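Note sheet for the following structure.
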Amino acid sequence: MSNWWICTNPASPFVSGLIVAVNHDDGRREALHDFSGLPLTVASSPEGMETTEAQREAIPSLLARRFGLPGFGLAPDGRVVASS
């Protein structure tokens, strides 16, 4: 039941927001999300955590370079969409 809610409810950040993460072999983890409205990158490691605001225009490049997810662009309304 909770999985259905998270995947379908308009109030769920997973339905209307952006979230992506990657774990590295050396223990680092990088994430990108826009839960607060602003796109944020979060890098965490055993030494600590760093949060940086990202420009929405940079999201397609970040997805390709840091998360290995090429082929995305931005729609006129700022949503991330698959490039055609």
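The values are calculated or read from the model by the stated rules, or taken from the named source; none is laboratory data. Computed from a predicted structure; not experimentally measured. Reconstructed Cβ throughout: ideal geometry from the backbone, glycine too, with neighbour counts over all protein chains shown. Quick note on the areas: whole protein, heavy atoms, side chains included, nothing else; ligands and nucleic acids left out. Shrake-Rupley method; radii C 1.70, N 1.55, O 1.52, S 1.80 Å.
Quick notes on this structure:
- Filtered residue count, region 1-28, keeping only those that are closer than 19 Å to residue 77 by Cβ, part of a helix (DSSP H, G or I) and either acidic (Asp, Glu) or open to solvent by less than 90 Å² (accessible area, probe 1.4 Å) (or both): 2
- Hits in region 29-57 - residues which are within 16 Å of residue 69 (Cβ to Cβ) and in a strand (DSSP E or B): 29, 30, 31, 32, 33, 41
- Single unsatisfied condition, residue 54 versus (1) closer than 12 Å to residue 80 by Cα; (2) in contact with a helix residue (DSSP H, G or I) (Cβ under 8 Å, 6 or more places away or on another chain): (1)
- Any hit, region 60-67, residues being assigned to a strand (DSSP E or B), open to solvent by less than 90 Å² (accessible area, probe 1.4 Å), more than 28 Å from residue 5 (Cβ to Cβ) and of a type outside the set (Phe, Trp, Tyr): no
- Meets criteria (among the polar types (S, T, N, Q) and open to solvent by less than 50 Å² (accessible area, probe 1.4 Å)) for residue 52: no
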